[in-house]
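The values are calculated or read from the model by the stated rules, or taken from the named source; none is laboratory data. Note that the structure is a prediction, hence the values are computed from the model and not measured. Every residue, glycine among them, receives a Cβ derived from its backbone with ideal geometry; neighbour counts consider all protein chains shown.
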Amino acid sequence: MLYFSRWKVATILATAFVIMLCVVPNFLPAGLVASLPIWAQRHIVLGLDLQGGSHLLLAVDTNAVRKEKLETLRDDVRQTLRRERIGYTGLVVRGNSVEVRIRNEANVEEADRRLSELSQPLGGILAATGQRNLDVTRTGNLIRLSVTDPAILERVRQAVGQSIQIIERRVNELGTVEPLIQRQGTDRILVQVPGLQDPTRLKQLLGQTAKLDFRMVDTAVPPETARQGNLPPEDELLYSSDEPKTPYVVEKRILVSGEDLTDAQPGFDQRTSEPIVTFRFNTSGARKFAEVTQQNVGKPFAIILDSQVISAPVIREPILGGSGQISGSFTVESANDLAILLRAGALPAPLTIIEERTVGPGLGADSIAQGKISAYVGAAMVVLFMLVTYGLFGVFANVALLVNVVMIFGVLSMLNATLTLPGIAGIVLTLGIAVDSNVLIYERIREEVRGGRNAINAIDAGFSRALATILDSNITTFIAAAVLFFVGTGPVRGFALTLGIGIITTVFTAFTVTRLIAASWVWWRRPQHVPI
Amino acid sequence: MRLLRIVPDDTKFDFMRFRRISFPLSAMLSIVAIVLYFTAGLNFGIDFKGGTLVEVQTQGPADLARMRAALTALELGEVQLQQFGAPNDVLIRVAQQPGGDAAQQEAVQKVRGALGSDITYRRVEIVGPRVSSELLSYGIIGLMLAIFCILIYLWFRFEWQFAVGAMIANTHDLVLTIGFLSLFRIDFDLTSIAALLTILGYSLNDTVVIYDRTREMLRRYKRMPIADLLNISVNSTLSRSVITHVTTALALTALFLFGGQAISSFTATMLFGVVLVGSYTSIFIAAPVLIYLGVGQGRETADEAKERP
């Protein structure tokens, strides 16, 4: 156990040295690190609990997705039947399906065939399962089209993908460093933004769907009658976004939507110097807008954001240039935010914040200080205790401990891992566990000495017997750490990570570094008795 | 230099005889812990119960009465205020609001409004009903999974009796720790699950060291009565057990004293579980329980069978 071949020594030292070297980028100024090659840039990232920031877990509103899907389906059914000139009554959304009654018995067969064409095999990862997006059933002259659960799931999955891109654009406008935006599960998005003092603005930016459309106001129907329920099917009643809530009767038909925008910027109205948002349409949007404004001079149209009327100006003259401005009762900041939202695009479905954890930078700095103090005090006490208990071998143990801790930080750097406060706790706990491997070895050596072996034999036997135990006993803790890593989230995961890495480096140092130090000492001093 | 010997060499304590005391004692404590769990219950934090936790810092010393009055007026259900650390640090807990995930966000906006602007928000945590129920089930699944994996591992490495013995010992550790959490109303949150898993792993670590030695002894001494054999195993690893627990206790005490409020319940739980229960269990429960599980009973008969023609 005490003999090392030359290449083995070299390998051990090189491995330990390289891993320890990985710590270096953490101490270099950020500018210098950025100029290094990519592989040398890896460093430890401080968790949100240490540097401050916001952790938001957003969920796509599955019910809204379902509702939208059903409404689109109803429109599709209406269009199909109209195109085929098939008379129908009672086209409604009921529960999870769209129902329609065919007026003429003779047309039912034809209608069923045409509507069945709306049912498509699912694409994406569900393509192989042969499932379809719709189930079409017929009872008498009633045709029912049900949206299948896999279809909803697929749509939710798409919505998450699209939302991530849009969120990225919105968050980037905040100008923070290294935001993390990630899919979680089927319907969730994790957003982590470090270094925010107040997440209110972030939440406002994420909480809005920002669906913008331009529609005509139906002046034929006064809002009062609409309120009493006399609303033509092609109209809907919407309210203004600012207080007091003014009702507007607007057409459901969308003239131009936010998708046709190419740019939006905050600005000031030249006459009133109120904050406004100016926008520019793409070519097709500009053409549509020009047509509509030419036909409707003198009539009001509504600019609607997330089903609220921002403003309803009267068209004074045709707007042909493809650009315009939105004035509402904006503040400078809300105009700026709206411009950001319009540039980033609309979310495909509303998002709900289901978990929020925000740590202010003050608390983060305090936590770092507390983590440091407890690590220093813990380390000092352990080191002192080992010295008092094992003397020279205690020094060996402490050298191994130092190598061990630096290696933990080295591995964390290599993994670009996140260090959290519980993560620091994991490292401090590892100090205790790491020392245990030395204790096992030294106690075994003491025993072997008592058993009558000479010094070199006792050290040799102590190592070889203790190492099996070290492996066995550390694997149980490692299993616990691994399970914790997979079920845990956030800071707790940081704890599992440092604990797990700590166990690996502990076993490594016990098998190599500690043994190498003892072997070198034996080779150098040729001891007659063991000083422990 | 004379080195410190916490445990003298060649101790010969008859630990196995203590099982007549330690087993009833542990059984009683476990029952107390279980009763506590079912009557007083655990003090679930927002991770598992849902709701809102806000840590604020006021300009001068916090006027708790005024803040409480302002928050009670919001009618948000149960609102707890707790001053900790410095006189201007206040922890506010707001119970989960009915009405789903969005309602929690509205509640926090109201709290922000009621407390005014001359306050620093150090930490805001909002856990909605969906997430809290998931976190709890993940936590329970995690514990079960860890116990299962470790059981399988021990079964592979040792005989089945050792695996069962270790599990009895560790379930005992977990039960007592849960009793401790319940008795002292320590916040039970995600870090508590981490603490329980660490206690599980760490206490097993200790048990495995003794079991390793027992296995070695079983191979060496074929005819020694199992109680004597276990006594030797425990005595010969005693020094190591004590020293290791001292170093771990030192590290954890440093964390408990200086680690701050955010991890204090975590370190308190681990200090209790790892240092107090873990060391007691390995010696007084895990080792003697092997006697009842019939470890080493087959040895003599096997040897005799070999000797017979």
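Couple of notes before you dig in:
- Odd one out for A:Glu355 among (1) surrounded by 24 or more Cβ atoms within 10 Å (Cβ to Cβ); (2) part of a helix (DSSP H, G or I); (3) in contact with a helix residue (DSSP H, G or I) (Cβ under 9 Å, 6 or more places away or on another chain): (2)
- You will find that of A:Gly410, A:Gly462, the residue that is surrounded by 20 or more Cβ atoms within 10 Å (Cβ to Cβ), more than 11 Å from chain B (Cβ to nearest Cβ) and free of Cβ contacts under 8 Å to residues at least 40 places away in the same chain is A:Gly462 and no other.
- With respect to the stated conditions, A:Val377 fails to be at the interface with chain B (Cβ under 8 Å from one of its Cβ atoms), crowded, with 23+ Cβ neighbours inside 10 Å and in a helix (DSSP H, G or I).
- Pairs, first at the interface with another protein chain (Cβ under 9 Å from one of its Cβ atoms) in region A:349-369, second buried (at least 23 other Cβ atoms within 10 Å of the Cβ) and hydroxyl-bearing (Ser, Thr, Tyr), C-beta under 6 Å, six or more apart: A:Thr358/A:Ser54
- In the set (1) more than 15 Å from A:Ala335 (Cα to Cα); (2) touching a strand residue (DSSP E or B) at 6+ places or on another chain (Cβ under 6 Å); (3) not charged (D, E, K, R), the condition left unmet by A:Pro233 is number (2).
Quick grid of which residues meet (1) within 13 Å of the chain's Cα centre (by Cα); (2) modelled with pLDDT under 85:
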{"site": "A:Leu134", "(1), (2)": "no, yes"}
{"site": "A:Gly140", "(1), (2)": "no, yes"}
{"site": "A:Ser146", "(1), (2)": "no, no"}
{"site": "A:Val160", "(1), (2)": "yes, no"}
{"site": "A:Ser163", "(1), (2)": "yes, no"}
{"site": "A:Ile181", "(1), (2)": "yes, no"}
{"site": "A:Arg188", "(1), (2)": "yes, no"}
{"site": "A:Leu202", "(1), (2)": "no, no"}
{"site": "A:Gly207", "(1), (2)": "no, yes"}
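- Looking across region B:196-223, the residues that are more than 9 Å from every other protein chain (Cβ to nearest Cβ) and touching a Phe, Trp or Tyr at 6+ places or on another chain (Cβ under 9 Å) come down to B:Thr214, B:Arg215.
- Filtered residue count, region A:237-273, keeping only those that are farther than 24 Å from A:Thr331 by Cα, in contact (Cβ under 8 Å) with a residue 24 or more places away in the chain and of a type outside the set (Lys, Arg): 8
- The listed residue being aromatic (Phe, Trp, Tyr), closer than 30 Å to A:Gln192 by Cα, in contact (Cβ under 8 Å) with a residue 12 or more places away in the chain and at the interface with another protein chain (Cβ under 10 Å from one of its Cβ atoms), out of A:Phe478, A:Phe486: A:Phe478
- Note on region B:230-240: residues that are surrounded by 23 or more Cβ atoms within 10 Å (Cβ to Cβ) and more than 8 Å from chain A (Cβ to nearest Cβ) total 3.
- Any hit, region A:494-506, residues being crowded, with 20+ Cβ neighbours inside 10 Å, closer than 22 Å to A:Phe17 by Cβ and more than 14 Å from chain B (Cβ to nearest Cβ): yes
- Any hit, region A:11-23, residues being in the same structural domain as A:Arg493 (by TED's automatic domain parsing) and closer than 22 Å to A:Leu421 by Cβ: yes
- Residue in region A:485-525 that is farthest from A:Val359 (Cα to Cα), counting only those that are in contact with a helix residue (DSSP H, G or I) (Cβ under 8 Å, 6 or more places away or on another chain) and among the basic types (Lys, Arg): A:Arg515
- Taken residue by residue, region B:93-106 has at least one member that is of a type outside the set (A, V, I, L, M), within 24 Å of A:Gln197 (Cα to Cα) and over 32 Å from the mean Cα position of the chain (by Cα).
- Considering residues of region A:77-118 that are in contact with a Phe, Trp or Tyr (Cβ under 7 Å, 6 or more places away or on another chain) and not β-branched (Val, Ile, Thr) only, the residue nearest to A:Leu145 (Cα to Cα): A:Arg101
- Any chance A:Ser311 is within 14 Å of A:Leu212 (Cα to Cα) and assigned by TED's automatic domain parsing to the domain that holds A:Ala339: yes
- Look at (1) of a type in the set (Val, Ile, Thr); (2) buried (at least 17 other Cβ atoms within 10 Å of the Cβ); (3) facing chain B (nearest Cβ under 9 Å) and you find that A:Val383 fails only one, number (3).
- Put simply, of A:Val98, A:Val65, A:Val93 the only residue that is in contact (Cβ under 8 Å) with a residue 60 or more places away in the chain, over 30 Å from A:Val492 (Cβ atoms), in contact with a helix residue (DSSP H, G or I) (Cβ under 9 Å, 6 or more places away or on another chain) and not in a loop (DSSP other than H, G, I, E, B) is A:Val65.
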